[in-house]
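One structure below.
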Amino acid sequence: MKGLRKDASVAWMFLAPSGIGFALFYLIPFAMVLYNSFMDGTIDSRFVGLDNYRALLASDSFRKAAFNTFYFSVVSVPLMLVLSLSLALLLNQNIYFRNWLRMAYVLPLVVPVASILLVWQILLDWNGSLNAWLSSYGIARVDWMKTDDARTVIIVVYIWKNIGYNVILFLAGLQQIPKDYYETAKIEGAGRLRQFGSITMVYLTSTMFFVVIMSIINSFKVFRETYLIAGDYPHDSIYMLQHYMNNMFTSLDIQKLTASAILMAGCILLIVIGMFILERRYRQFME
């Protein structure tokens, strides 16, 4: 018992710096945000209950930002999963230039985001490379970031920037599956589709769950890309929740800012809890 107590004290001593940092930079700020979302101001404030949330939900700009963020997540996350899993399955085979292709998909992860988006901005500008190429074929120029096509552009940029990370995770999961299972399935007459459903997807469950969670969280953080490409007030189709919160911060409307932050955090929490429930039920079903 004395040894256990000594080990526990040493463990707490090593955990203390991380715990203090987590409390200072995450727990305490989140508690302050939650507190301010129920007050009518930051100085001499009084408790107003859910009034800030009612005003937020009645705001047209907030509803537009929430819809655009939800639409972006619903479209981009499934596309990301399908493409990254397909590429991982392809790169897991013995194909020519496999190592070069792996490096090509990892490169966007190590290049600074600002540099990447500068290239995309030059490519998609009115006088950019893409419009120059289209005009050479007699196709009219398109101001990509000032039309509804801006939503498609942001989805493409998001997938291109983040797909390499998911491919790495799926590759790691695929390489953990014993090859004997596939050989046994072939002997028993199972086709590729049956092998994929009964072996690959079963053993990729935990990896798939993690990739889905990270993709959903990253889809809520797409503000960086849209801000660097389109600025503070982009086209309506790519006006996200973080644009709304950034504008509320600029105007010092702390109540709407904190209320919107709490609502977004609550939505992410509900999605994560729902994914945990689905993942548990899927495991029970497969067992």
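Here are the numbers for the structure shown:
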| quantity | calculated |
| --- | --- |
| Residue count, the stretch 91-110 (criterion: assigned to a helix (DSSP H, G or I), open to solvent by less than 80 Å² (accessible area, probe 1.4 Å) and at pLDDT below 75) | 8 |
| Hey, S237 touching a helix residue (DSSP H, G or I) at 6+ places or on another chain (Cβ under 9 Å) and surrounded by fewer than 16 Cβ atoms within 10 Å (Cβ to Cβ) or not | no |
| Qualifying residue in the stretch 140-151 (condition: part of a helix (DSSP H, G or I) and touching a Leu at 6+ places or on another chain (Cβ under 6 Å)) | yes |
| Odd one out for Q176 among (1) under 18 Å from Y53 (Cα atoms); (2) free of Cβ contacts under 8 Å to residues at least 40 places away in the same chain; (3) of a type in the set (S, T, N, Q) | (1) |
| Filtered residues of the stretch 111-129 (kept if of a type in the set (A, V, I, L, M, F, W, C), more than 14 Å from G231 (Cα to Cα) and open to solvent by 50 Å² or more (accessible area, probe 1.4 Å)) | V111, V119, I122, L123, W126 |
| Selected residue (criterion: modelled with the lowest pLDDT) from residues of the stretch 140-191 that are among the hydrophobic types (A, V, I, L, M, F, W, C), open to solvent by less than 80 Å² (accessible area, probe 1.4 Å) and farther than 28 Å from V111 by Cβ | A190 |
| Qualifying residues in the stretch 152-178 (those that are of a type in the set (G, A, S) and touching a Leu at 6+ places or on another chain (Cβ under 7 Å)) - the one farthest from M80 (Cα to Cα) | G173 |
| Considering residues of the stretch 266-287 that are farther than 30 Å from S198 by Cβ and open to solvent by less than 40 Å² (accessible area, probe 1.4 Å) only, the residue modelled with the highest pLDDT | G266 |
| Selection count where residues are of a type in the set (F, W, Y), surrounded by fewer than 19 Cβ atoms within 10 Å (Cβ to Cβ) and either out of contact with any Cys (no Cβ under 9 Å at 6 or more places or on another chain) or not in a helix (DSSP H, G or I) (or both), scope the stretch 54-77 | 2 |
| Residues located in the stretch 130-139, provided they are over 24 Å from Y239 (Cβ atoms) and either exposed (fewer than 11 other Cβ atoms within 10 Å of the Cβ) or within 31 Å of the chain's Cα centre (by Cα) (or both) | S136, Y137, G138, I139 |
| Boolean, T207 is of a type in the set (S, T, N, Q), touching a Phe, Trp or Tyr at 6+ places or on another chain (Cβ under 8 Å) and part of a helix (DSSP H, G or I) | yes |
| One residue from Y227, Y244, Y239 being over 26 Å from A172 (Cα atoms), free of Cβ contacts under 8 Å to residues at least 40 places away in the same chain and of a type outside the set (K, R) | Y227 |
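The values are calculated or read from the model by the stated rules, or taken from the named source; none is laboratory data. These figures come from a predicted structure and were not determined experimentally. As a convention, Cβ positions derive from the backbone with ideal geometry for all residues, glycine included, and neighbour counts pool all protein chains shown. Side chains are part of the model used for accessible areas, which takes the heavy atoms of the whole protein and leaves out ligands, DNA and RNA. Shrake-Rupley method; radii C 1.70, N 1.55, O 1.52, S 1.80 Å.
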